[in-house]
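Structure first, commentary second.
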Amino acid sequence: VGIDLGTSSVKMILMDDALHILASVSRSYPISYPHDGWAEQNPQDWWQAVCEGLVALVTDPTLDAADRNVTALGIAGQMHGLVALDEAGQVLRPAILWNDTRTDQETRELNETIGRDLLRRETGNIAFAGFTLPKLMWMRRHEPDLYQRIEHILLPKDYLVYRLTGQFSTDYSDASGTLLLQCGPKQWSTALCRLCHVNEAWLPTLHESDDVVGAVDVTVLSEEIRPYFQSCAVVAGAGDNAGAAVSVGVLHEGSCNLSVGTSGTLFLPTASFHLPESEGLHSFAHASGQYHLMGVTLSAAASLKWWMEDVLQSDDYEAEQGDVNLDGTNSVLFAPYLMGERSPYNDEAVRGAFFGLSTQTTRRDLTRAVLEGVAYSLRDSLRLAQEMGVVVEEANIVGGGAQSALWCQILANVIQLPIQRREGETGPSLGAAMLARSGVGAESLDDMAKALPQDGVRFEPQAEAVENYEKGYARYRTLYARLKDLDA
């Protein structure tokens, strides 16, 4: 079983020994926004959704009896979220999510008082509002009574592992986004724990992503499915981006994965740990056991969803993109900073904009600008990696935005790389299932990557458009400086 604990829903798949998907289910849950910039969820909602989903998954009427027995389970999930537990293992407060921006003061304190140099030396990264450590510091400042009751700190997917196995564990890829892990040596930073008043004993044990951390305690499951999990190992799992990269075989240096979901990511595996020359790139551990560089666009498909559903009040995405021009001559630019921006600016206060409007601007121009703006933002991250000497020859693409052939082609033209969109299942749930299979010694990740279906659609950069998009990108790069000092 592979589980993807997303921001709005959980997706679960059942995979057989030949990597075929036998069944899949999803269950949604709410997000709470109690104040401007806050984003929270109740971990019990995740657990209830998983319990209901597992019942639906293994009782799927199309399954043969033998296919219902689950030997291994892995979870990939939304990163950075803070789940704080008390001595009894009970949740102390709603989980503070990756896209919560309440920690502006704590992030500044980390970067300016503790200092970027120390942070980068310890973790390879500076502080970002989404990371876990600023959330802990916020909780200590604003909820001291609850903070004193903390006994365990978990990331979202690790809470599910705890509920399934009773183990307090995490993996290196997810732990990389806490700002508490020394990513190179793969150990918790005693120095940062001491400086930030975090009890190191609160932190979970560290593992490679395919390490078996425990077995399913069947007593926590619905009685009707307990027989199917009697001998089910649970692996440590991975952060969602690392899980997605595993699902398309992006395991080693020279490969690349683009994820165009709510946020957008550029994921570049590296054989060894690199301290990025730019603070805009993250340097994290990979689920493969190696490392990766990553750039993040906070509002990728979220930008298109906002434009389509909130502004145009339409859900007909295909029709809206039907006759959009691909030649790169759009005079309108879009800065996708609807929630601030992570890479390369680390600025949660900057806001988005359309630029270059005239009486000749059409609705199609604006739709096209949104797609192009996200592509330009991802190009920002690729540019930083290339300036470090990272060589990339082609990219894979996953996520909801990848279903748009138009967007895939725009991305290929903007980043000037061939982009492969695989057919069939891809994404964190498949990666989690592959990690589970690797964990029980059935097959290595490399062997599974070779066996993955290779069919799909390949989007080559279009020579006639690349030059125009290069000029558009040069214009786009001037936008941030014009926007950053404006009041939102």
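The values are calculated or read from the model by the stated rules, or taken from the named source; none is laboratory data. A quick note: this is a predicted structure, and the numbers were derived from the prediction, not measured. With ideal geometry, Cβ positions are generated from the backbone for all residues, glycine too; neighbour counts draw on all protein chains shown. We work out accessible area using only protein heavy atoms, side chains counted, and drop any ligands, DNA or RNA first. Shrake-Rupley method; radii C 1.70, N 1.55, O 1.52, S 1.80 Å.
Of the candidates LEU384, LEU411, the single residue that is in contact with a helix residue (DSSP H, G or I) (Cβ under 9 Å, 6 or more places away or on another chain) and under 30 Å from ASP4 (Cβ atoms) is LEU411.
ALA375 meets the stated requirement of being part of a helix (DSSP H, G or I) and either of a type in the set (Lys, Arg) or crowded, with 23+ Cβ neighbours inside 10 Å (or both). In segment 147-202, counting only helices (runs of 4 or more DSSP H) that sit wholly within it, none holds 2 or more residues that are among the small types (Gly, Ala, Ser), touching a Phe, Trp or Tyr at 6+ places or on another chain (Cβ under 6 Å) and closer than 17 Å to TRP46 by Cα. When GLU224 is tested against (1) open to solvent by 60 Å² or more (accessible area, probe 1.4 Å); (2) among the acidic types (Asp, Glu); (3) assigned to a loop (DSSP other than H, G, I, E, B), only condition (3) is not met.
Evaluate the following for ASP210: is it outside any helix (DSSP H, G or I) and acidic (Asp, Glu)? Spelling it out, ASP210 is indeed outside any helix (DSSP H, G or I) and acidic (Asp, Glu). Could you say whether any residue in segment 304-315 is touching a residue at least 60 places away in the same chain (Cβ under 8 Å), touching an Asp or Glu at 6+ places or on another chain (Cβ under 6 Å), of a type outside the set (Ser, Thr, Tyr) and open to solvent by less than 50 Å² (accessible area, probe 1.4 Å)? No; the residues of segment 304-315 include none that is touching a residue at least 60 places away in the same chain (Cβ under 8 Å), touching an Asp or Glu at 6+ places or on another chain (Cβ under 6 Å), of a type outside the set (Ser, Thr, Tyr) and open to solvent by less than 50 Å² (accessible area, probe 1.4 Å). Of all the residues in segment 46-61, those that are open to solvent by 50 Å² or more (accessible area, probe 1.4 Å) and either of a type outside the set (Ser, Thr, Tyr) or without any contact (Cβ under 8 Å) to a residue 40 or more places away in the chain (or both) number 3.
Out of the residues in segment 79-115 that are within 18 Å of MET339 (Cα to Cα), surrounded by 23 or more Cβ atoms within 10 Å (Cβ to Cβ) and of a type in the set (A, V, I, L, M), state the one that is modelled with the highest pLDDT. Among those that are within 18 Å of MET339 (Cα to Cα), surrounded by 23 or more Cβ atoms within 10 Å (Cβ to Cβ) and of a type in the set (A, V, I, L, M), it is ILE96. Can you say whether PHE334 is without any contact (Cβ under 8 Å) to a residue 24 or more places away in the chain and either assigned to a strand (DSSP E or B) or surrounded by 20 or more Cβ atoms within 10 Å (Cβ to Cβ) (or both), as far as the supplied structure shows? Here the answer is no, as PHE334 does not meet what is asked.
Of all the numbered requirements in (1) in contact with a Pro (Cβ under 7 Å, 6 or more places away or on another chain); (2) surrounded by fewer than 20 Cβ atoms within 10 Å (Cβ to Cβ); (3) part of a helix (DSSP H, G or I), ASN413 misses one, and that requirement is (2). In contact (Cβ under 8 Å) with a residue 40 or more places away in the chain, open to solvent by 10 Å² or more (accessible area, probe 1.4 Å), polar (S, T, N, Q) and closer than 22 Å to HIS80 by Cβ: is that true of SER288 in this structure? Yes, satisfied. Just one residue in the set ALA442, ALA488 is surrounded by 11 or more Cβ atoms within 10 Å (Cβ to Cβ), at pLDDT below 95 and not in a helix (DSSP H, G or I); that residue is ALA442.
In contact with a helix residue (DSSP H, G or I) (Cβ under 9 Å, 6 or more places away or on another chain) and surrounded by fewer than 19 Cβ atoms within 10 Å (Cβ to Cβ), is that true of CYS183? Spelling it out, it is not the case that CYS183 is in contact with a helix residue (DSSP H, G or I) (Cβ under 9 Å, 6 or more places away or on another chain) and surrounded by fewer than 19 Cβ atoms within 10 Å (Cβ to Cβ). The listed residues are SER8, SER28, and the only one of them that is modelled with pLDDT of 95 or more, polar (S, T, N, Q) and in contact with a Ser or Thr (Cβ under 7 Å, 6 or more places away or on another chain) turns out to be SER28.
Yes/no matrix, rows are residues, columns are (1) closer than 27 Å to GLY264 by Cα; (2) touching a helix residue (DSSP H, G or I) at 6+ places or on another chain (Cβ under 9 Å); (3) of a type outside the set (D, E, K, R):
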position: ILE21; (1), (2), (3): yes, yes, yes
position: HIS35; (1), (2), (3): yes, no, yes
position: ASP64; (1), (2), (3): no, no, no
position: GLY77; (1), (2), (3): yes, yes, yes
position: GLN105; (1), (2), (3): yes, yes, yes
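Of GLU109, GLU87, GLU122, GLU52, all but one fail to be part of a helix (DSSP H, G or I) and within 21 Å of PRO204 (Cβ to Cβ); the exception is GLU122.
When LEU266, LEU275 are checked against the criterion of being in a loop (DSSP other than H, G, I, E, B) and either of a type outside the set (Asp, Glu) or free of Cβ contacts under 8 Å to residues at least 24 places away in the same chain (or both), LEU275 stands alone in meeting it. Pairing residues of segment 359-374 that are over 17 Å from TYR469 (Cβ atoms) with residues that are among the aromatic types (Phe, Trp, Tyr) and outside any helix (DSSP H, G or I), at Cβ distances under 9 Å and at least 6 apart in sequence or on separate chains, gives THR361/PHE354; LEU366/PHE334; LEU366/PHE354. Inside segment 162-177, residues that are under 17 Å from ASN241 (Cα atoms), open to solvent by less than 10 Å² (accessible area, probe 1.4 Å) and of a type outside the set (A, V, I, L, M) make up a count of 6.
Total residues in segment 178-219 satisfying the condition of being in contact (Cβ under 8 Å) with a residue 60 or more places away in the chain and within 22 Å of VAL246 (Cβ to Cβ): the figure is 11. Across segment 400-410, the qualifying residues are those that are open to solvent by 30 Å² or more (accessible area, probe 1.4 Å) and under 18 Å from the mean Cα position of the chain (by Cα), and the one among them that is farthest from PHE459 (Cα to Cα) is GLY400.
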